[in-house]
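S.K.: Quick one: structure below, then a few questions.
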Amino acid sequence: MRFEVALAAVLAPFTVTAQLNDLAVRAGLKYFGTALGESAVNNDANYKRIVTNKSEFGQLVAENGQKWESTEPSRGSFNYASGDITANTAKASGQGIRCHTLVWHSQLPNWVSSGSWTKDTLTSVIDTHMSNVMGHYKGQCYAWDVVNEAINDDGTWRDSVFYRVFGTDFLPLSFKLAKKYDTNAKLYYNDYNLEYNGAKTNRAVEVVNIIQAAGAPIDGVGFQGHLIVGSTPSRANLATTLRRFTALGVEVAYTELDIRHSSMPPSSAAQVTQGNDYANVVGSCLDVAGCVGVTVWGFTDKYSWVPGTFNGAGDALIYDTNYNKKAAWTSVSSVLAAKATGAPPAGGSSTTLATVTKTSAAPAVTSTAAGSGPEQVRWGQCGGNGYTGPTKCQSPYTCTYSNPWYSQCL
Ligand code: G3I
């Protein structure tokens with residue numbers, strides 16, 4: 001796409017395109033990734049084309065395929081068919097994987113959740129599960145979500161078979177066992193609603209403390225980032241929260257980012273707010289040494305889990321259902337490009353890269369002047385340095401300046 005060509009020229013000699021993973025890496029992150037829907041990648045060529053684009057997504061996560069119900073549906077019987085979809089897709093495209101997840105109360109087969117266990121027998125069950133699953137993916141996972149969602153939203157411990165049998169001892173136990181089976185994978189605690197820095201976040205700090213105090217290895221905390229348009233914390237507050245964990249000596253990452261509209265369809269103003277919220281989340285990661293990457297929980301609104309779970313909510317991702325890039329995509333690319341090129345991001349700090357040639361900002365494009373010629377669709381590109389495509393938008397959308405390389409029909 002011309003936008004990418006233009007930004008690649010700006011970023012020369014780094015041979016970086018304007019796609020999200022390339023920008024993220026240039027901006028100092030390890031990756032920009034996405035969850036991969038196992039069914040979508042097998043059945044939708046457009047989905048597959050984007051999800052396998054390493055410049056856009058440097059890392060994939062199996063949305064469901066590596067969970068316990070998929071990998072060990074009955075005791076001692078292991079199945080990697082679904083998990084391997086992501087691993088094989090990533091391998092073929094030169095992408096990395098995050099691995100998700102081992103000890104979790106959900107998508108846990110009944111034989112585990114309803115079993116009658118002692119500490120010894122459940123330890124053996126977890127050990128066997130990790131030995132097989134981590135062994136199968138050994139050497140491929142940048143990180144494993146070892147324990148997922150052990151805390152309720154009010155900060156109390158979640159009632160699960162693991163908590164009932166072990167109390168909080170299942171936390172260090174799980175990390176100690178995991179370390180045996182893939183010494184190179186980063187071992188993460190992963191949870192949602194940590195972003196608000198409340199009682200749940202305090203308890204997650206305690207999770208890290210408990211694991212470390214027991215002499216068990218923990219390398220990272222995953223902020224899932226299932227957020228709401230207009231209710232997402234500011235970039236500065238998010239960064240403050242991330243730093244509570246990096247201060248404990250662990251890395252952090254956004255692992256399942258999506259920002260849903262509470263009412264559908266969203267207005268254009270709500271789309272812009274969503275873009276700002278995305279920029280604040282990604283920007284906060286850029287602002288914190290020790291925040292290693294951002295993963296979106298799917299990239300297209302076509303397949304998101306959100307509408308099925310939150311009645312009336314939706315459109316939480318960065319591409320729409322027709323694979324057009326949304327304002328949210330542009331915001332993410334802008335905040336990454338700003339850091340990558342040393343341009344000052346809105347409301348944040350910047351790093352100047354002396355060897356990068358900056359272009360002057362293009363004037364804001366606001367024209368939808370009448371006349372002949374092609375018109376760009378909603379969310380489509382309509383301007384930017386080096387761009388030569390349609391500069392008019394289909395009614396009622398307006399060509400709106402985002403950054404020197406990109407204007408978009410909003
Ligand atoms: O595989 C079955 C299929 O055989 C069956 O016909 C169909 C009928 O409903 O269900 C299919 O399973 C679904 C599964 O996704 C695979 O598509 C489940 O019903 C559905 O509940 C399940 O939802 C997943 C959810 O986790 C379960 O908790 C979502 O796709 C997945 O996006 C979501 O991901 C979680 C993360 O793992 C952890 N953090 C929260 C995040 C969002 O809930």
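The values are calculated or read from the model by the stated rules, or taken from the named source; none is laboratory data. Remember, it's a predicted structure, so these values are computed and weren't measured experimentally. Please note: Cβ atoms are built from the backbone with ideal geometry, for glycine as well, and neighbour counts cover all protein chains shown. Just the protein is used for accessible areas: all its heavy atoms, side chains included, with ligands, DNA and RNA removed. Shrake-Rupley method; radii C 1.70, N 1.55, O 1.52, S 1.80 Å.
S.K.: Near Lys180, which aspartates and glutamates are there with a Cα under 17 Å away, not counting those fewer than 8 places off in the same chain?
M.R.: Result set, ordered by chain and number: Asp127, Asp145, Asp219.
S.K.: Moving on. Would you pull out the residues with amide H under 5 Å of Lys392's amide H, same chain only if 5 or more places away, H placed 1.01 Å from N?
M.R.: Sorted by chain and number, the residues that satisfy this are Gln376.
S.K.: Among 299-306, 30-37, 44-51, what's the highest-first ranking by average C-beta atoms within 10 angstrom per residue?
M.R.: Order by mean packing, descending: 30-37, 299-306, 44-51.
S.K.: Excluding residues on the same chain fewer than 8 positions from Lys186, give the lysines whose Cα lies under 21 Å from its Cα.
M.R.: Once the sequence-local lysines are set aside, what remains near Lys186 is Lys30, Lys67, Lys91, Lys138, Lys176.
S.K.: Which whole-angstrom value gives the distance between the alpha carbon centres of segment 174-206 and segment 48-105?
M.R.: A separation of 19 Å, based on Cα centres.
S.K.: Provide the net charge surrounding Asn132, with neighbours chosen by a C-beta distance below 15 Å and charges set as Lys +1, Arg +1, Asp -1, Glu -1.
M.R.: Details: positive: Lys67, Arg75, Lys138, Lys180; negative: Glu69, Glu72, Asp84, Asp127, Asp182.
So the environment of Asn132 carries a net charge of -1.
S.K.: Please give me the summed charge of the neighbours of Ser82: other residues whose Cβ is under 13 Å from its Cβ, Lys and Arg +1, Asp and Glu -1.
M.R.: Within the 13 Å Cβ shell, the charges total -4.
S.K.: Run the accessible area of segment 76-129 with a 1.4 Å probe and give the carbon-and-sulfur part as a rounded percent.
M.R.: Whole-percent figure for carbon plus sulfur exposure: 48.
S.K.: How much area per residue is accessible in segment 256-321 when the probe is 1.4 Å and only protein heavy atoms are counted (Å²)?
M.R.: Per-residue accessible area for segment 256-321 comes out at 32 Å².
S.K.: Label segment 149-293 by shape, choosing from rounded, prolate and oblate, from the square roots a ≥ b ≥ c of the eigenvalues of the Cα gyration tensor; if a/c is under 1.5 it is rounded, and otherwise prolate applies when a/b is larger than b/c, oblate when it is not.
M.R.: Prolate shape, in that a/c is at least 1.5 and a/b is the bigger ratio.
S.K.: Run the numbers for Asn197 and Asn209: contour at 0.36 nm per residue of separation, minus the present Cα-Cα distance, in nm.
M.R.: Values: separation 12, 0.36 × 12 = 4.32 nm, distance 1.65 nm.
Full extension from Asn197 to Asn209 adds 2.7 nm.
S.K.: For segment 241-302, with all protein chains present and a 1.4 Å probe, just round the carbon and sulfur fraction of the accessible area to a whole percent.
M.R.: Summing carbon and sulfur atoms, their accessible area is 52 percent of the total for segment 241-302.
S.K.: Continuing with this model, one more query. Can you compute the charge dipole magnitude of segment 160-268 about its Cα centre, using +1 on each Lys and Arg Cβ and -1 on each Asp and Glu Cβ, nothing else charged? Give it in debye, rounded to the nearest 20.
M.R.: 140 debye
S.K.: Please compute the length gained on full extension between Ser114 and Asn132, using 0.36 nm multiplied by the number of residues separating them and subtracting their Cα-Cα distance.
M.R.: Gain on stretching Ser114 to Asn132: 4.3 nm.
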